[in-house]
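The values are calculated or read from the model by the stated rules, or taken from the named source; none is laboratory data. What you see is a predicted model, and the numbers here were worked out from it, not measured in a lab. Glycine also receives a Cβ, built like all others from the backbone with ideal geometry; neighbour counts cover every protein chain displayed.
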Amino acid sequence: MIVGACFSIQAIGVGVYISYGVFFNPLMTEFGWPRSVISGSSAAAFFISGLFAVYVGRLNDRIGPRVIVSAAAFLMGIGYMLMSGMDTILELYLYFGLVFGIGLSSIDVIPLTTIARWFPAKRGTMTGIVKVGTGAGQFLFPLLTSFLISGFGWRNAGMMLGAIALVFLMAIAQFLKKEPAVLVYTVQATPGRIVRPPDGNLSFAEASRTYQLWLLCIMNLTVVSCLMSIIVHIVPHGRDIGISAHKAAGILSAIGGISMAGRFIIGMIIDRIGGKRTMILALLLLLTSLLWLQTADSLWKLYVFACIYGLAHGGFFTVISPIVAELFGTASHGALFGLVVFFGTAGGAAGPILTGFLFDGTGSYNLPFRLFLGVSALGLLMLSLLKPVRPKKQ
């Protein structure tokens, strides 16, 4: 029940967010707004979701997931409903960028923290299953949104999509609950001696004083900036080398499909070899794909890239939550994972913009693609410096 609920939250939440791209052409046709303005509201929602992820994670540590996901369902649904009646750019950024973005902040943190606490023995496998929901939502909801827009117009489609998010996420939230107290530790007080429970849990304050937390945050920022830049710019790159729009879009679809398999496979590997080794594997796959991309000048080569990169993409996003639990325990997992997510969303929002500027300045993706290679290598170097957290004996 818990895994099914978390899977569905990821599928609906991420699917509804990704579907915003289907509204691009209708909004440009009706209002004449440039692409940079329309895409900016999506970047704003992504950044706001990361900004609020820390606060949402801390709330989850205190009151549990049901109330928070219910509130997120309301905000995401209302955000789309209000957007369906907008007429100005300010309204677009207010309704989608802010209101929807705040609701989106719960869609990654709450399900993955819930899974990390419910399944300590099979944390990786269950996380992988839940992250497959992300791929399912990315595949299904844009198709549904396209059908709604073509049949009822973009305003009615926005209203219906908001209603779907509100009703279904609100209903699914009722199946969530805090993990059971499987183990209860009884500690006899001794003057001058503090005993830590044997699971190695750290509070948010304790974890914030470790270099491991900040190294993980910076690594997530750098790698996610690379991952999101690829997702945004791989189709334009395909068009630049003479591939048709339909076939270039197929590259992105291939990445999505392969990433679903990558999430599930990487999830099972985590339980066998641990989070750090699994993340090393994901980054090695990423480096391999980026090396191949440097000379990928035809359709078949880009599809080979999509297969390797898809495994790395899905695997990296799957291993983040388990590695936070592995390093710091689960007592403050929501807040700690939210902080790591915030750094990732900051990089994910800035990376595609920087890539666009570099392309405009050079007229080519050669420089950005080389930088992606260096950024990924830097991430692997930082990961090699990540050692287990050893709480001080007191």
request  = Looking at (1) over 23 Å from the mean Cα position of the chain (by Cα); (2) modelled with pLDDT of 85 or more, find the lone condition where GLN212 falls short.
outcome  = (1)
query = Pairs under 9 Å by beta carbon, first residue at pLDDT 90 or above in region 10-22, partner crowded, with 21+ Cβ neighbours inside 10 Å and charged (D, E, K, R), six or more apart or different chains?
reply = GLN10/ASP108; GLN10/LYS131; GLY13/ASP108
message = I'm trying to understand the selection: among the residues of region 11-47, which are crowded, with 23+ Cβ neighbours inside 10 Å, in contact with a Phe, Trp or Tyr (Cβ under 9 Å, 6 or more places away or on another chain) and under 26 Å from PHE204 (Cβ atoms)?
response = ALA45
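Answer yes or no as to whether ILE265 is modelled with pLDDT of 85 or more and in the same structural domain as PHE119 (by TED's automatic domain parsing). Spell out how you get there, then give the answer.
Values: modelled with pLDDT of 85 or more: yes; in the same structural domain as PHE119 (by TED's automatic domain parsing): no.
It is false that ILE265 is modelled with pLDDT of 85 or more and in the same structural domain as PHE119 (by TED's automatic domain parsing).
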task = Take the residues in region 130-163 that are surrounded by fewer than 21 Cβ atoms within 10 Å (Cβ to Cβ) and closer than 20 Å to PHE7 by Cα, then tell me which one is farthest from the chain's Cα centre (by Cα).
result = ALA163
request  = Output the number of residues of region 65-91 satisfying the condition of being of a type in the set (Val, Ile, Thr), in a helix (DSSP H, G or I) and out of contact with any Phe, Trp or Tyr (no Cβ under 7 Å at 6 or more places or on another chain).
outcome  = 4
query = Which one of these is modelled with pLDDT under 85 and aliphatic (A, V, I, L, M): ALA163, ALA121, ALA157?
reply = ALA121
note = VAL56 passes all but one of the listed conditions (1) within 21 Å of THR114 (Cβ to Cβ); (2) buried (at least 21 other Cβ atoms within 10 Å of the Cβ); (3) at pLDDT 90 or above; the exception is number (3)
inquiry  = Give all pairs with beta carbons closer than 6 Å in which a residue from region 243-271 that is aromatic (Phe, Trp, Tyr) meets a residue that is surrounded by 20 or more Cβ atoms within 10 Å (Cβ to Cβ); count only pairs at least 6 apart in sequence or on separate chains.
reply    = PHE264/GLY128; PHE264/VAL132
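For (1) within 16 Å of the chain's Cα centre (by Cα); (2) farther than 25 Å from HIS233 by Cβ; (3) crowded, with 18+ Cβ neighbours inside 10 Å; (4) among the acidic types (Asp, Glu), each residue gets a yes or a no:
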residue	(1), (2), (3), (4)
LEU284	no, no, no, no
LEU299	no, no, no, no
SER332	no, yes, yes, no
GLY348	yes, no, yes, no
ILE353	no, no, no, no
PHE359	no, no, yes, no
LEU367	no, no, no, no
query = Name the residues in region 28-43 that are touching a helix residue (DSSP H, G or I) at 6+ places or on another chain (Cβ under 8 Å), at pLDDT below 85 and either in a helix (DSSP H, G or I) or not assigned by TED's automatic domain parsing to the domain that holds ILE102 (or both), would you?
reply = MET28, ARG35, VAL37, ILE38, SER39, GLY40, SER41, SER42, ALA43
